[in-house]
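Right, one structure below, let's go through it.
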Amino acid sequence: QKGGFEHYMLKEIFEQPLAIHNSLLGNFDKIMSSDFLSSQDFSSVKLIACGTSYNASLVGKYAIEYLAGIPVTVELASECRYSSETREDPLVILVTQSGETADTLAAARLAKKRGHRTLAVTNVVGSTITREVDNVLYTQAGPEIGVAATKTYVTQLMAMYMLALKLGKSRTLRRDEIHRYTHGLKSMPRTVSNVLAKSDEISEAVGMLTNAQSAFFLGRHINYPTMLEGALKLKEISYIHAEGYAAGELKHGPLALLDSNTPTVAACVWDMSYEKMLSAISEVAARDSPVLGIGIEGDRDLEAIVDRIISIPEVEGILSPIPLTVAVQLIAYHTARKRGCPIDRPKNLAKSVTVD
Ligand code: F6R
């Protein structure tokens, strides 16, 4: 059943090129021609989710705002019940791989009660959420058995990009831009395969994490949530305390925690945040924190200031969360494996959380 892989999680990480392909095949044309999203009668979007799906929603916020120019808010489903009704009438998107998370279901019901238009992004056909909303987008990742979400997360990211392109099509994006980003998405199976080919190299590089008690994951802009996801994966399966941080926030407190026993994983790609990431990494390295950098192939400036580097192929900055996510999944996986943790069944966690 594990197809020769030691764990379901690793199998599912390696299934991501196919999952991405299926998610495009099953959704791209449908989304681009959908009437539901063509309507101009919502001026904002609200994404609601828990856990990993919340991190995917944060990536969605950056993508939709960047590509479509629509304001987006992201809410934790568990906090929604305390939200006040405002004059805003957003398109509400519930993101939940299982479609059964109690808090997300409650948020869907509240959105409907308030008269908002609702869309669910889920992986499970016929799940409860699909009966609570106006429209459904299936992520098409295929069944996921490992408790830590991997391929369902990456296909949620694909859903966010497809929605952003659709919303941008009638608003901000020129035809050539749509073409460029579409090409970038369609190349993702190959880009991700290239990162998967580095699994052994990543396994070797995580030596600096295996004995740590605490680690930092730093990113900026759209890769800030990517690093929140990296930290979440590491916590979940390796039981190492990890903090995902927007790199600009370091000097507002967490720098005090950095030392030679506290490694940092830093995402640094050639986008608008590049220079600032380089300088954040230099500050971290100056506090003796061992740094594992994830950057674009051939980046000598990054290589010069980190202890180890994992390279990903060059992609559009806004699409870089996909290959970067695969790298942080492998970092978490190999760290947990070296620590002898029960990767597919981490303690205290369940695949779907049906109580609130
Ligand atoms: C972490 C993980 C959880 C889920 C969360 C929400 O790897 O899987 O954080 O993301 O419990 O689950 P769904 O997406 O099913 O609503």
- prompt: So what's Rg/Rh here for segment 60-140, counting alpha carbon atoms and using the Kirkwood radius for Rh?
  reply: 0.95
task: With a cut-off of 11 Å, note down the residues of segment 280-301 whose backbone N falls inside the zone around a label point 7 Å from the Cα of Asp307 toward its beta carbon.
output: 285, 288-293
- request: Under a cut-off of 21 Å between alpha-carbon atoms, report the lysines in cross-link reach of Lys166, not counting same-chain residues fewer than 8 places apart.
  value: Lys30, Lys46, Lys61, Lys186
task: Select from segment 31-80 those chymotrypsin sites (Phe, Trp or Tyr not before Pro) which occupy a DSSP coil region and have at most 16 other Cβ atoms within 10 Å, ordered by residue number.
output: Phe36
statement: P(r) over all Cα-Cα pairs of segment 1-78, 5 Å bins from 0 to the longest distance, whole percent per bin, short to long, reads 3, 12, 13, 18, 20, 15, 8, 5, 3, 1, 0
- prompt: Just the projected area, averaged over all directions, of the convex hull on the alpha carbon atoms of segment 219-260: how many nm²?
  reply: 3.1
Kirkwood-type radius of segment 152-253, with distances r between different C-alpha atoms, in Å: 16.1
statement: Dividing the surface of the Cα convex hull of the chain by four yields a projected area in nm² of 17.0
statement: If the chain between Thr354 and Lys112 were fully extended at 0.36 nm per residue, the gain over the current Cα-Cα distance would be 85.1 nm
task: Return, ordered by residue number, the residues of segment 316-356 whose backbone nitrogen is under 12 Å from a label point located 7 Å along Cα→Cβ of Thr210.
output: 334-341
Calculated Rg and Dmax of segment 1-151 using C-alpha coordinates, Å: 15.9, 54
field: Tally of Lys pairs whose C-alpha atoms are under 26 Å apart, taken over segment 232-353, 8 or more apart or cross-chain
entry: 12
field: Loop-resident sites, segment 204-297, for GluC sites (Glu not before Pro), counting at most 12 other Cβ within 10 Å (DSSP)
entry: Glu297
- prompt: Looking at segment 193-302 from every direction and averaging, what is the projected area of its Cα convex hull in nm²?
  reply: 6.8
field: Asp134-Glu85 FRET efficiency (beta carbon distance; Förster radius 22 Å; 0.05 resolution)
entry: 0.70
task: Could you work out the Rg to Rh ratio of segment 241-345, with Rh taken as the Kirkwood radius (inverse of the mean 1/r over all Cα pairs)?
output: 0.97
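Rule-based calculations on the coordinates, nothing more; no lab input. Just so you know, these numbers come straight off a predicted model, no measurement behind them. All Cβ positions, even for glycine, are placed from backbone atoms using ideal geometry, and neighbour counts span all protein chains on display.
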